[in-house]
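Each value in this text was obtained by applying a stated rule to the coordinates, not by laboratory testing. It should be emphasised that the depicted structure is a prediction, and the values quoted were computed from it without experimental measurement. Cβ placement follows ideal geometry from the backbone for every residue including glycine, while neighbour counts extend to all protein chains displayed.
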Amino acid sequence: MYFLNSNAKMGWIEVITGCMFAGKTEEFIRRLVRLSYAKFEIQVFKPAIDNRYCENKVVSHTQNAVEAIPVKDSAELLVKVKKTANVIGIDEIQFFDNNIVKVADELADKGIIVIVNGLDKDFRGEAFLNVEQLMVRAEEVKKLHAICVKCGNLANRTQRLINGKPANYNDPIVLIGEKDKYEARCRHCHEVVY
Ligand SMILES: [Zn+2]
């Protein structure tokens with residue numbers, strides 16, 4: 001293959017997003033593994049707060065996993081990026097500070113493939129601002145859906161339940177949920193108590 005600019009560098013941003021139970025982490029891991037077959041040097045980061053399954057891994061609900069480095073914020077992430085890295089994966093992107101948007105942009109400008117994974121909305125159905133901004137800047141956005149547990153429609157919202165009842169708008173955002181507290185719902189079945 002002949003390119004006019006043979007010194008052309010790579011580098012772009014891919015966003016994998018949607019609600020919970022949509023298979024986002026499966027897709028995230030699939031993309032990273034695919035790149036690893038082609039011998040790209042990959043580093044994966046996650047917020048230090050997410051200890052759902054394992055401290056040093058990103059693990060999907062179906063138990064696929066990749067190694068991941070826990071970091072406390074975007075500044076620490078940037079410091080820990082290796083000079084030789086070709087691909088940076090960032091999991092649970094919605095839990096990072098807003099500077100992660102700039103960091104992702106800078107890495108992509110330098111020639112790195114940046115793949116981020118995370119929720120686009122909180123349990124109230126409102127945008128996580130860093131994810132919203134990354135979706136605008138990204139070359140590719142893959143928005144995955146779940147299936148509404150109430151009616152079978154395509155679901156793009158995460159229902160939060162506290163003691164089996166829809167959460168109140170003013171309840172603090174709990175960072176990580178399991179199936180007993182969160183479920184996928186469509187726009188018609190999603191409930192927020194005001
Ligand atoms: Zn529904």
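In this structure, the amide hydrogen of Ile16, modeled 1.01 Å from its nitrogen in the peptide plane, lies closer than 5 angstrom to those of Val116, Asn117, Gly118, Lys142, counting only residues at least 5 positions away or on a different chain.
Suppose the Debye formula is applied to equal point scatterers at every Cα of the range 20-93; what is log10 I(q)/I(0) at q = 0.15 Å⁻¹? These q points yield log10 I(q)/I(0) values of -0.48. Taken one residue at a time, the phi angles of the range 115-121 give Karplus couplings (6.51, -1.76, 1.60, θ = phi - 60°) of 10, 10, 9, x, 6, 8, 10 Hz. Gly and Pro are set to x.
Could you list, in their original order, any pairs among Lys57/Lys181; Lys57/Lys110; Lys39/Lys82 whose Cα atoms are separated by more than 21 Å? Before the final figure, lay out each step's value.
Details: Lys57/Lys181 23 Å; Lys57/Lys110 26 Å; Lys39/Lys82 15 Å.
Beyond 21 Å: Lys57/Lys181; Lys57/Lys110.
May I ask what percent, to the nearest 5, of DSSP beta bridges between residues of the chain are antiparallel? Numbers along the way, then the final one.
Values: 12 of 36 bridges.
Counting only bridges with both partners in the chain, antiparallel ones make up about 35 percent.
Under the rule of -39500 (n - 2.57) per DSSP H run of 4 or more residues, summed and divided by the residues of the chain, what mean residue ellipticity at 222 nm is obtained, to the nearest 500 deg cm²/dmol? Working shown, then result.
Working: 4 runs with 41 residues, N = 194.
Result for the chain, helices only: -6500 deg cm²/dmol.
Taking amide H as placed 1.01 Å from N in the peptide plane, the amide H of Ile162 sits under 5 Å from that of Ala167, each at least 5 places away or on another chain. Sparsely packed loop sites in the range 73-108 (the trypsin sites (Lys or Arg not before Pro) outside DSSP H, G, I, E and B with at most 15 other Cβ atoms within 10 Å) comprise Lys82, Lys83. For the chain, the average shadow cast by the Cα convex hull is 12.2 nm², which is a quarter of the hull's surface. 3J(HN,Hα) along the range 30-37, derived from phi through the Karplus expression 6.51 cos²θ - 1.76 cosθ + 1.60 where θ = phi - 60°, amounts to 4, 5, 5, 5, 4, 5, 5, 4 Hz, with x in place of Gly and Pro. Comparing Ile115, Ile93, Ile49 in a Gaussian network model of the chain, where Cα atoms under 10 Å apart are tied by springs, the biggest mean-square fluctuation is seen for Ile49.
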